[in-house]
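The values are calculated or read from the model by the stated rules, or taken from the named source; none is laboratory data. Remember, predicted model here, so these are calculated numbers, not experimental data. Positions of Cβ are generated from backbone atoms using ideal geometry, with glycine treated the same way; all protein chains shown enter the neighbour counts.
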Amino acid sequence: MTWVITVTNQKGGVGKTTSVINISAALVSRHGFRVLLIDMDPQGHLGLSLGVKPTGTADTIAAPLMGLRRLSEVTHETSINGLRIVPSNEDLAAVEEQLSRQPGREAVLRAVLTGEVSEYDVVMIDTPPSLGVLTFNAIYAADYILVPIQPRLYSIEGLRRLYKILELMKTRLGRRIEILGHFLTMVDNRYRITQEVREDLRARLGDGLLRSEIPSSVRVEEGHFYRSPVVAYAPDTPVASAYTELASEIISRLVSSMNSQSITSAEKGAETERITF
């Protein structure tokens, strides 16, 4: 079984790409998972952070989205055995414009993945900080959504927009995607706002707010500079340990979901209709 997980929040700067990289690396290195990363952000930071730079558009996710190549033909190895990536570059923005004009535009990525990812345990998708066709595709293709949240003022604004998308997909497109969990990133407990936002989110989300929190750390940026996940670059640091714990918590929820065949709001805090912002 392959789980497809999209990491998204329409508020930028919350650590989406960093979280995709490090959760995936922890799944591979600590749990033996086979993971495929897909970069749906035209900035292409996911590949760059892992030392993967495509030679051109034909070497990126843009090619299969346009029906020009199969997904396997644009899949790259990384320095971590068991972790592969389909990168992107700035040309993906032009592809988004083309996709926006075709019927069924929100389901293109899901069709691309069909029959192409069975060798992986997890497919993890990174998204741009926007509500365009690329983000819609990334969400529509997912079995589950993970939502990183930076504990700052206005942090819930991106959540409101995300919930509207999920509700739209359910009511108009008949596609129900569950939120596996929300988690705090760039946590700095020296600031009172951190505790206030944490308490507010816990009250609103209940168990939908994961226990694992990612602390703010310069090691993350160092890892990007050295083209390595922090869980590999500095495995004994608090931030690496936090991502490892988060990966374990994610696995626990995935297994629980698989066993129960449905995620209830009581278990996951993920029913958007029950969450008020």
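Numbers for the structure displayed
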read-out	value
Candidate set: segment 112-148, residues that are without any contact (Cβ under 8 Å) to a residue 60 or more places away in the chain and over 17 Å from Thr75 (Cβ atoms); chosen: the one surrounded by the fewest Cβ atoms within 10 Å (Cβ to Cβ)	Gly132
Complete set of residues in segment 18-35 that are under 23 Å from Val112 (Cα atoms) and either free of Cβ contacts under 8 Å to residues at least 60 places away in the same chain or buried (at least 24 other Cβ atoms within 10 Å of the Cβ) (or both)	Val20, Ile21, Ser24, Val35
Glu249 being acidic (Asp, Glu) and in contact with a strand residue (DSSP E or B) (Cβ under 7 Å, 6 or more places away or on another chain)	yes
Of the criteria (1) over 19 Å from the mean Cα position of the chain (by Cα); (2) closer than 24 Å to Val52 by Cβ; (3) of a type outside the set (A, V, I, L, M, F, W, C), which one Arg101 fails	(2)
Among residues of segment 210-235, those that are under 17 Å from Lys16 (Cβ atoms), of a type in the set (A, V, I, L, M, F, W, C) and touching a residue at least 60 places away in the same chain (Cβ under 8 Å), counted	4
Residue satisfying all of: in segment 209-222; in contact with a helix residue (DSSP H, G or I) (Cβ under 6 Å, 6 or more places away or on another chain) and in a helix (DSSP H, G or I); surrounded by the fewest Cβ atoms within 10 Å (Cβ to Cβ) among these	Arg219
Meets criteria (of a type in the set (Gly, Ala, Ser) and crowded, with 22+ Cβ neighbours inside 10 Å) for Ser79	no
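Okay, residues lined up against (1) over 17 Å from Thr17 (Cα atoms); (2) among the polar types (S, T, N, Q); (3) at pLDDT below 90; (4) not in a loop (DSSP other than H, G, I, E, B):
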residue: Gly115; (1), (2), (3), (4): yes, no, no, no
residue: Tyr120; (1), (2), (3), (4): yes, no, no, no
residue: Ile125; (1), (2), (3), (4): no, no, no, yes
residue: Ser130; (1), (2), (3), (4): no, yes, yes, no
residue: Ala138; (1), (2), (3), (4): no, no, no, yes
residue: Val147; (1), (2), (3), (4): no, no, no, yes
residue: Leu153; (1), (2), (3), (4): yes, no, yes, no
residue: Gly158; (1), (2), (3), (4): no, no, yes, yes
residue: Glu167; (1), (2), (3), (4): yes, no, no, yes
